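Take a look at the structure below.
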2 protein chains.
Amino acid sequence: MSDDGVLSRSLEAVQERIDTVLTQESARWTDVDPRCAPFVDSVTAITTAKGKLLRPRFCLLGHLAAGGEPECDKAVDAAAALELLHTFALLRDDVLDDSPLRRGAVTAHERHAKEHRARLLRGEPRRYGEGVANLAADLAHVYADRLAHALPAQAQAVWDETRIEVTVGQYLDIAIAAGGVADPELSRWIAVCKSGRYTIQRPLQLGSALAGRPDLAGVFEGYGLPLGEAFQLRDDLIDTFGDAEDTGKPAGLDLDRFKMSYLLSLAVRRDDRIRELAATPAAPDSAARMRELLVTTGVADEVERRIADLVDQAREAVADAPLVPRWRTELMELTTRVAYRNR
Amino acid sequence: MSDDGVLSRSLEAVQERIDTVLTQESARWTDVDPRCAPFVDSVTAITTAKGKLLRPRFCLLGHLAAGGEPECDKAVDAAAALELLHTFALLRDDVLDDSPLRRGAVTAHERHAKEHRARLLRGEPRRYGEGVANLAADLAHVYADRLAHALPAQAQAVWDETRIEVTVGQYLDIAIAAGGVADPELSRWIAVCKSGRYTIQRPLQLGSALAGRPDLAGVFEGYGLPLGEAFQLRDDLIDTFGDAEDTGKPAGLDLDRFKMSYLLSLAVRRDDRIRELAATPAAPDSAARMRELLVTTGVADEVERRIADLVDQAREAVADAPLVPRWRTELMELTTRVAYRNR
C-alpha cells in the first residue's frame, strides 16, 4: 500500500464499528427473543464476508484528500454507514434478482427459506425467506442511517439523495429487465446512478464534506461518474465472462435472465444477431452463444476501449484539483483497481 | 372537534406536506424516465387513501400538550415523517402477508403483478410486483427520514429506535406465525412494540421533544403502552369479527393464515378447543368455527374487559400530568376512539 497503513487502519476501524453495532444489536434483541439471533445475523453474514469495502474506502479517501485528519471518528462513522447501506442494497437486490449466492455464501432469502422447509414451519417457505431477508435489509438501512447522523447538514442531503437514487436505480433496473428494453441512454443513466454516484461520487463527497470542503463536490463528480461507468461495464463483463470463483456468484446469471445490462444495451444496438438472441426466451446455451457473439462482433473489445477512455477521464478530473498530493496519487492509482478488478 | 380546528388544520398541513414531497418527486423521476410514474405513485396511492393519520395526530398532540406552538412547521414535518414511515411499514407488511387489499384498494404488489401479467412482461409477475412494492416501501422510508432531519438529537434517537422496533416487531410477527407459537408474553411484547410504542408513545414523545419537554417521556410511555395494547386487541377483534367494509381488507384473513395474533395467543391458553383448531391446517370453515368458539368460551368478552381496563390505565397516566389542560382533555377523549374505533 502506498498509504503507509493510514487508510488500511481506518478501514479496519470501519469494520470494527460495524461489528460492534451488530454484536450489540444481536445481543439486545436475542435477549427479547432468541428467534432474533438468525435475523440480525442475516445482516452480519454479509458484513463479515470478504467485501471490498469500496464505498468506505472512497469516503475515507475523500476525507483525507480534502485535508481531513487521519483516523477521524466521524469519517469512520460515515464510511461504516455507507457499507451498511450497501448491505441493505445487497440484501434487497438478491431478493429482487432471486440470486442464489452472495460473496460466496448462500443468500439470506435462500437460507431462511431452506430453514423454513427443514423445520416444516407454517406458510410458504419462499414468502418467509424473502420476508426475513427484506426485513434484515431494513434493519441494515436503519443502522446505516443511525451512523450517518454525525454528518453536517449539507452532507446529510447528499446521504438522502444517495439513498433515493439507489432505490430509483434498482426500480428502473427491474422495470427495464421486465420490459426487455434496450435503451443505452437509460442503461447508462442507471450505471451512473448505481455505480458512479452511489459507489464513488457520493462517498467521496461525504468524506470531503466532513473535512469542511464541500467545494470539492464538482471535482469528485468529474472523477466518480466516468469511473463508475467503467466499474459498471467491468461488472457486466465479469457477469458475462467471469467465473463463479471470481465473483462469488454464478457466471452469466444476469444474461440468462435477460437482465438488460448496460453492456447488453450497447451490444444489441451494435449487432442484429445479438439483438435477436437477447429478444428470445432463455435457452440452455444462450449465455454461451451470447459470449461468443460479443467477442466475434468486436463489441467486447470496443467496451474495453471505452473503459480505458473512462479511466483516463477520471484521472484527469483529479490531476490538477486542490487535493492533498499523497491522496490524489492514491485516487489516481485506485482507478485501475476499480476498472480492472479482474486482473 | 373539541380543539376548535387547531389540530385538524395541522393535520391538513401534514397531508399537504406529504402530497408536496410526492408530487415533486414523481415529477423529478418521471422526467428521468416515464416508467418512474407508477413507481412513485405506489407510495402516493397509500398516502392519499383515507388513512386515520393516527401517528401524526399523536405527534401533534404530544407537541401541543407539552406547550408547543400551534401550527408549528417542525411538528408538521415530524408528523408527516411518521405517516410516511407508516406508509413504508404498510407496503412492506402487505408483501409479507400477501394481503390483497389495503385501505379499500388493491395492494401495490398485487397491482404491479397484474400489470406485469397484462403487459406480458418478462420474468415472473409475482417477483416483479413484490419487488416494485418493496422498493416503493424503501422510497417512502427515505422520504420519511428526510422529513425527520429537523428533529433535535434526542428526538432523532427516538426516531431511530422507532424504526428498529417496528422492523424487529415485523420479523417476530412472521417468525411466530411460521412457528405457530402461542406465546402470550411474546405476542404482548409485539403488540407493545408495534402498536404501543410505534403508534402512540413514540409519536407523542417526538412531539413533546420538539416542544422542548423531553421530561414528558415517562408520562407518554404510561399512556401509550396500555392504549397500544388495547388498540392491538381491538385490531385483532376487528380482523376476526369485523367485515371488509370497516377495515378495507377481508375479514378473518389473519385467522385463516394462522397468524398468531395477540388475541389468538391469549385464546389458545384459555380453551383447549381453540388450541386444537389453531393447530390444524386452515379448513374452509375454520375462521367461522374460531369466531364461534371465541364467543361461546367467553374469551371475546374477557378481551373486551381487558380493553376497558387498559383504557382506564392510559387515562390515569395523563390525568395529573403537567400538560396543557385543553390537550390533556383531547388525549383522554382520544383513548375511546382508539380502543373502540369500530363504534
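The values are calculated or read from the model by the stated rules, or taken from the named source; none is laboratory data. All of these numbers come straight from a predicted model, not from anything done at the bench. Please note: Cβ atoms are built from the backbone with ideal geometry, for glycine as well, and neighbour counts cover all protein chains shown. Ligands, DNA and RNA are stripped out before the accessible areas are found, and what is left, the full protein with its side chains, is counted by its heavy atoms. Shrake-Rupley method; radii C 1.70, N 1.55, O 1.52, S 1.80 Å.
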- prompt: How many of the residues in the range A:289-303 are free of Cβ contacts under 8 Å to residues at least 12 places away in the same chain and part of a helix (DSSP H, G or I)?
  reply: 4
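Go through the range A:113-140 and count every residue that is at the interface with chain B (Cβ under 7 Å from one of its Cβ atoms) and not hydrophobic (A, V, I, L, M, F, W, C). Talk me through it step by step, then tell me what you get.
Here is the first cut: in the range A:113-140, the ones at the interface with chain B (Cβ under 7 Å from one of its Cβ atoms) are A:116, A:121-123, A:127-128, A:131-132, A:134-135, A:138-139.
From what's left, not hydrophobic (A, V, I, L, M, F, W, C): A:116, A:122-123, A:127-128, A:131, A:134, A:138.
Total satisfying the criteria: 8.
Taking the condition of being in a loop (DSSP other than H, G, I, E, B) and either farther than 20 Å from A:ARG127 by Cα or at pLDDT 80 or above (or both), how many residues in the range B:253-283 meet it?
Going through the range B:253-283, the residues in a loop (DSSP other than H, G, I, E, B) turn out to be B:257-261, B:271, B:280-283.
Among the residues that remain, those that are also either farther than 20 Å from A:ARG127 by Cα or at pLDDT 80 or above (or both) are: B:271, B:280, B:283.
Of the residues in that region, 3 qualify.
Would you pick out the residues in the range A:114-133 that are touching a helix residue (DSSP H, G or I) at 6+ places or on another chain (Cβ under 6 Å), open to solvent by 10 Å² or more (accessible area, probe 1.4 Å) and at pLDDT 95 or above?
Filtering the range A:114-133 down to residues touching a helix residue (DSSP H, G or I) at 6+ places or on another chain (Cβ under 6 Å) leaves A:116-117, A:121-123, A:125-126, A:128-133.
Applying the additional criterion that residues be open to solvent by 10 Å² or more (accessible area, probe 1.4 Å) yields A:117, A:121-123, A:125-126, A:128, A:130.
Listed by number, the residues that qualify are A:ARG117, A:PRO125, A:ARG126, A:TYR128, A:GLU130.
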field: Members of the range A:152-161 found to be surrounded by fewer than 21 Cβ atoms within 10 Å (Cβ to Cβ) and facing chain B (nearest Cβ under 10 Å), listed by number
entry: A:ALA153, A:GLN156, A:ALA157, A:ASP160, A:GLU161
- request: Pull up the range B:193-208, narrow it to residues that are more than 11 Å from chain A (Cβ to nearest Cβ) and modelled with pLDDT under 90, then point me to the one that is surrounded by the fewest Cβ atoms within 10 Å (Cβ to Cβ).
  value: B:LYS194
- request: For residues that are open to solvent by 20 Å² or more (accessible area, probe 1.4 Å), basic (Lys, Arg) and within 14 Å of chain A (Cβ to nearest Cβ), tally how many sit in the range B:71-110.
  value: 0
query: Which condition number in (1) at the interface with another protein chain (Cβ under 8 Å from one of its Cβ atoms); (2) more than 22 Å from the chain's Cα centre (by Cα) is the one that B:ILE164 fails?
result: (2)
message: Is it the case, given these coordinates, that B:LEU121 is free of Cβ contacts under 8 Å to residues at least 12 places away in the same chain and farther than 24 Å from B:GLU25 by Cα?
response: yes
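Taking A:GLY224 as the residue in question, decide whether it is open to solvent by 10 Å² or more (accessible area, probe 1.4 Å) and more than 14 Å from chain B (Cβ to nearest Cβ). So that I can check it myself, show each step before the final result.
Working: open to solvent by 10 Å² or more (accessible area, probe 1.4 Å): no; more than 14 Å from chain B (Cβ to nearest Cβ): yes.
Against the criterion (open to solvent by 10 Å² or more (accessible area, probe 1.4 Å) and more than 14 Å from chain B (Cβ to nearest Cβ)), A:GLY224 does not qualify.
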- prompt: For the range B:324-343, how many residues meet the condition of being in contact with a Ser or Thr (Cβ under 9 Å, 6 or more places away or on another chain) and of a type in the set (A, V, I, L, M)?
  reply: 1
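Can you confirm whether B:ALA136 is modelled with pLDDT of 95 or more and more than 30 Å from B:TRP327 (Cα to Cα)? Break it down into steps so the answer makes sense when it comes.
Numbers: modelled with pLDDT of 95 or more: yes; more than 30 Å from B:TRP327 (Cα to Cα): yes.
Yes, satisfied.
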- line: Restricting the range A:171-182 to residues that are on the phi < 0 side of the Ramachandran plot and either at pLDDT 95 or above or outside any helix (DSSP H, G or I) (or both), the one nearest to the other protein chains (Cβ to nearest Cβ) turns out to be A:TYR171
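Looking at A:ARG337, A:ARG315, can you tell me which residue is outside the structural domain of A:VAL6 (by TED's automatic domain parsing), modelled with pLDDT under 95 and either touching a helix residue (DSSP H, G or I) at 6+ places or on another chain (Cβ under 7 Å) or open to solvent by 70 Å² or more (accessible area, probe 1.4 Å) (or both)? Show your work before the answer.
Working: A:ARG315 fails: modelled with pLDDT under 95.
Selected residue: A:ARG337, the only one of A:ARG337, A:ARG315 that is outside the structural domain of A:VAL6 (by TED's automatic domain parsing), modelled with pLDDT under 95 and either touching a helix residue (DSSP H, G or I) at 6+ places or on another chain (Cβ under 7 Å) or open to solvent by 70 Å² or more (accessible area, probe 1.4 Å) (or both).
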- prompt: Residues in the range B:77-94 that are within 15 Å of the chain's Cα centre (by Cα) and either hydrophobic (A, V, I, L, M, F, W, C) or assigned by TED's automatic domain parsing to the domain that holds B:SER195 (or both): how many?
  reply: 10
- line: Within the range A:13-54, of all residues that are of a type in the set (Val, Ile, Thr) and over 21 Å from A:LEU85 (Cβ atoms), the one nearest to the other protein chains (Cβ to nearest Cβ) is A:VAL32
message: Considering only the range A:153-168, I want to know if a residue exists there that is within 20 Å of A:LEU90 (Cβ to Cβ), among the small types (Gly, Ala, Ser) and modelled with pLDDT of 85 or more.
response: no
